[in-house]
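Computed from the coordinates by the stated procedures, all read-outs in this text should not be read as laboratory data. Predicted, not measured: the structure shown is a model, and the values here were computed from it. Ideal geometry is used to build each Cβ from the backbone, glycine not excepted, and the neighbour counts take in all protein chains shown.
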Amino acid sequence: MTKFLAALLPILLLLPLAALADDHPTGERVFEMRIYTAAEGKLSDLMARFRSHTNHLFVKHGMKLIGYWTPTEGDEAGNTLVYILAHDSREAAKKSWAAFGADPEWKKAAAASRQNGRLVAKVENQWLKATDFSPLQ
């Protein structure tokens, strides 16, 4: 776990996110935190791809956007994008990611964004379950 991730988790727990809570009768809702280390000089290109293509496709394939962050200090500043998605369950996440990866619109956007080299050098992924006292369930 990076220093940035360790610093980010307590901040996320303090955010007033109750307004984002949805009804999830299965009680299996999970959150997926992803940390992308951009290739040298490519963070702005990576964020442009999210802004112009990826976010729309996440929603299209059933993923709920919780938030996006970039570190403001430390080794991760200037080259890291952190985001959290919510899924109804791990199985729903698996289906959403499969549909996203197979989407022709995603394949086209990904290929176009890589014309000048790869945007991402490293991806870290962490699955999170809300505690019973979390304002975001």
Binned Cα-Cα distances of the range 42-131, short to long, each 5 Å bin given as a whole percent:
3, 12, 21, 24, 21, 12, 6, 1, 0
Provide the packing ranking of 54-65, 118-129, 91-102, i.e. peptides ordered by the mean count of other C-beta atoms within 10 Å per residue, highest first.
54-65, 91-102, 118-129
Can you give me the long-range amide H partners of Ala39? Hydrogens built in the peptide plane at 1.01 Å from N, cutoff under 5 Å, separation of 5 or more residues or another chain.
Val120, Ala121
